[in-house]
Structure formats: C-alpha cells, structure tokens
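The values are calculated or read from the model by the stated rules, or taken from the named source; none is laboratory data. Note that this is a predicted model, so its numbers are computed, not measured. Note that each Cβ is placed from the backbone with ideal geometry, even for glycine, and that neighbours are counted across all protein chains shown. Please note that ligands, DNA and RNA were not included when accessible areas were found on the heavy atoms of the full protein model with its side chains. Shrake-Rupley method; radii C 1.70, N 1.55, O 1.52, S 1.80 Å.
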Amino acid sequence: MRVLVVGGAGYIGSATAQCLLDAGHEVVVFDSLVKGHRAAVPAGAEFVQGDLAHREQIEDVLRRFQIEAVMDFAAFIEAGESMKEPGRYFRNNVCGTLNLLEACVSAGVQRLVFSSTAAVYGIAEEIPITEDAPLHPVNVYGESKLMVERMLEWYGRLHGLRYAALRYFNAAGGRPERGEDHHPETHLIPLTLQVALGQRPHIAIFGTDYPTPDGTCVRDYIHVDDLASAHVLALQALDQHERLIYNLGNGRGFSVREVIEVCRKVTGHPIPAVEAPRRPGDPPVLIASSAKIQRELGWRPRWTSLEDIVASAWEWHRRHPQGYGDR
Ligand code: UDP
C-alpha cells in the first residue's frame, strides 16, 4: 500500500516508516521538521516537508503520490508543556489534524491510523487500563488527542473513513541508528541517560507524594519498535474493520525511582537524583491492558524487559550523544 506517514521524521513516526518499508509498503513521509529530524527518515521513503496547518499542502501530497492510507504521528506531545500553553496544543494537535482529515476526505483516502495516548484516560479507576475505561484527561495534551478521536468517530460515520486509534503508553528504547531526540528533552529515560553521558548534573524526580508504592509516578514503558509493528498490523486490519481502538503497553508499571535505578544498572553510572515538586498534569499510575490487540490482531510486544528497553536507548544515546546533531 502507498502510505503517507505524517510526522515520519519524529521518534515513533520514523520507526514506523521503517517498519512499513520492511513489510513491503511504499512510504512517503510528510513532516514540518519543527520537531522532527530529516536524518531520521528511512532511506527508502520519499520525503516532503510540509505543515498540517496548510491543508492544500497535504491534499497535494495525497494526490501526487496517490496515497491509499495515512498514519498520523504529527503532534506536540509534552503533557507538562500543554498545561502552560494550551492554545498551542489545541491549534497544532486538533486543528492540524482536522486539516488532515478534511484533506483525506477530499482526496478519497479512506484509511487512517492515529497516534493516540494513554493520557486520554486521566486518573484511572482500575489498573490495568482497558479501552472501555472512562475518558477523563487531566492534561491538555490528552484532551487534544481525545478531541481527535471524537472527530474520527464522526468522520467514520459520515464520510466512511476507516480508522485505528492507538493509545500508547510510554514509548521508549531505540535502535543503534534511530532513537529519541527531542528539543528540549522532557522525557524521563532520555533525560536520565543524559546524566549518565555527563550532559546533566542530575535527574529531577517530579513528585514523591503520589499514592503509589514509593510515592513516584508509575508508567508502562513500551519499545518504539513494538509500537511500530502494531501500526502495521492495525493498517492491515482496516481491510476488515471500520474502527479499531487499542491500548499499547507492556502491562507492567515502573515508578520513576525504579526507572532511574534501571538506568544506573544499564549505564554503570551513579546518576544522582534530586526530589522536586510534582509536574502539573501527571496522572499517578498509567499501566495498559493490551489484551484486546493481542487477542484481535495477534500483536505481541517483543521487548518485555525494561532493562533491555533502556539498554537499547542507551546504545543510541552513546553512539549519538548529540542526537541527530541538527539542533
Ligand atoms: N519525570 C520525572 N523527571 C523528569 C521527567 C519526567 O520525574 O525529568 C516523570 C514524570 O513526572 C512522569 C514520568 O517521569 O511521572 C514519565 O514522564 P515522561 O515525560 O517521560 O512521560 P509521560 O508519562 O509524561 O508521557
């Protein structure tokens, strides 16, 4: 299939673009490079620089390459930042994706796989979280993704758009040649590994008074390649299904302190940590049940050990201490 990967120069988008190529699809990457990196785009993919703010740019690409399916990774992704700059998140994540949906309808593209997030659930009543759990985001980032999920439902009903919304838990890990490189970096694992590289003096633990066993937030870390393989499966499944919603995680939670400890073990560096206030918008615990996609599509995460996931990230960071080196 000819697939447009929007945001395909980013962390998860570029890994998925590679996975699509490996599965025999043709890939066009569309990315503004505001956050993404040209060097992250796999060699076998076409690249078009463009922005979801301009609907005509998207429509042009869809028609020019006769695109049959779209995967949408283009979004601002920082929960903490979204609580300071809500307008940026609604404009980019909601209005930008609306332009994409309108362009798809206009160009006759009827399949879309959307990057959603565990943040749509907010503070979960039951752990692990299943797809039918209540949707009450506690940060603007999660709200912006939920708004797109709701738009997708209407576009499905009214325009026949077939879609999958994949709710990721915490993406992590890398490959020797491709990894996580955000500017500024805000995520726990890359920041902790930057301490081990000597690029930061310490890691801050945001909140130690959460209702969790050690007082720090608990998250479910999933390797980026396992996320990528789920996208390829979901795309294929849209042949038979009109609407798919799946959680993607490993089903195991690790506290911030535990993640830092694993990073110490993997790197052999003492990694000093300092306790800091809570970061607004952080739910205490997010752990996925991915039973539904395992049952229905046969997806299995290949990376089930946090130590292995962190080791794969460490390999990328050691080989690329300045990331892609373009910032
Ligand atoms: N976190 C932290 N220190 C940092 C960065 C993150 O304690 O420097 C915490 C954050 O508050 C959250 C967890 O680590 O509880 C995972 O945060 P991250 O930003 O990696 O992912 P998120 O869960 O927000 O998607």
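Results for (1) open to solvent by 10 Å² or more (accessible area, probe 1.4 Å); (2) in contact (Cβ under 8 Å) with a residue 24 or more places away in the chain, shown as yes or no for each residue.
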residue: GLY10; (1), (2): yes, yes
residue: GLN18; (1), (2): yes, yes
residue: HIS25; (1), (2): yes, yes
residue: VAL34; (1), (2): yes, no
residue: HIS37; (1), (2): no, yes
residue: PHE47; (1), (2): yes, yes
residue: ARG55; (1), (2): yes, yes
residue: ASP60; (1), (2): yes, no
residue: GLU68; (1), (2): yes, yes
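Screening ARG200 on (1) more than 13 Å from the ligand (Cβ to nearest atom); (2) within 24 Å of GLY323 (Cα to Cα) shows it passes everything except condition (1).
Listed by first and then second residue, the pairs linking a residue in the stretch 215-226 that is near the ligand (Cβ under 8 Å from one of its atoms) to a residue that is among the charged types (D, E, K, R), with Cβ atoms under 7 Å apart and 6 or more places separating them unless they lie on different chains, are THR216/ARG257; CYS217/ASP282. The residues in the stretch 115-151 that are away from the ligand (no atom under 14 Å from the Cβ), part of a loop (DSSP other than H, G, I, E, B) and either of a type in the set (A, V, I, L, M, F, W, C) or buried (at least 20 other Cβ atoms within 10 Å of the Cβ) (or both) can be counted, and the count is 4. Could you please find all residues in the stretch 307-327 being open to solvent by less than 60 Å² (accessible area, probe 1.4 Å), out of contact with any Phe, Trp or Tyr (no Cβ under 7 Å at 6 or more places or on another chain), part of a helix (DSSP H, G or I) and not acidic (Asp, Glu)? Within the stretch 307-327, VAL310, ALA311, SER312, ALA313, TRP314, TRP316, HIS317 meet the criteria. Examine the stretch 154-170 for a residue that is within 10 Å of the ligand (Cβ to nearest atom), part of a loop (DSSP other than H, G, I, E, B) and touching a residue at least 60 places away in the same chain (Cβ under 8 Å), and state whether such a residue exists. Within the stretch 154-170, one or more residues are within 10 Å of the ligand (Cβ to nearest atom), part of a loop (DSSP other than H, G, I, E, B) and touching a residue at least 60 places away in the same chain (Cβ under 8 Å).
Against the test of being more than 13 Å from the ligand (Cβ to nearest atom), under 30 Å from HIS320 (Cα atoms), open to solvent by less than 60 Å² (accessible area, probe 1.4 Å) and of a type outside the set (Gly, Ala, Ser), the options PRO176, PRO190 yield a single qualifying residue, PRO176. Contact map, the stretch 186-197: first residue within 15 Å of GLY268 (Cβ to Cβ), second residue open to solvent by 20 Å² or more (accessible area, probe 1.4 Å), Cβ cut-off under 6 Å, separation 6 or more or different chains; pairs are LEU193/TRP314; ALA196/THR267; ALA196/HIS269; LEU197/PRO321. For the stretch 292-299, does any single residue satisfy the condition of being of a type in the set (Val, Ile, Thr), open to solvent by less than 60 Å² (accessible area, probe 1.4 Å) and in contact with a Lys or Arg (Cβ under 9 Å, 6 or more places away or on another chain)? No, the conditions are met nowhere in the stretch 292-299. In the stretch 245-256, the qualifying residues are those that are open to solvent by 10 Å² or more (accessible area, probe 1.4 Å) and touching a strand residue (DSSP E or B) at 6+ places or on another chain (Cβ under 7 Å), and the one that is farthest from LEU306 (Cα to Cα) is ILE245. Does the stretch 241-253 contain at least one residue that is within 12 Å of the ligand (Cβ to nearest atom) and more than 17 Å from the chain's Cα centre (by Cα)? The answer is yes, given that some residue of the stretch 241-253 is within 12 Å of the ligand (Cβ to nearest atom) and more than 17 Å from the chain's Cα centre (by Cα). Considering only the stretch 278-288, I want to know if a residue exists there that is under 19 Å from the mean Cα position of the chain (by Cα), within 16 Å of the ligand (Cβ to nearest atom), within 26 Å of ALA119 (Cβ to Cβ) and in a helix (DSSP H, G or I). No, the stretch 278-288 contains no residue that is under 19 Å from the mean Cα position of the chain (by Cα), within 16 Å of the ligand (Cβ to nearest atom), within 26 Å of ALA119 (Cβ to Cβ) and in a helix (DSSP H, G or I).
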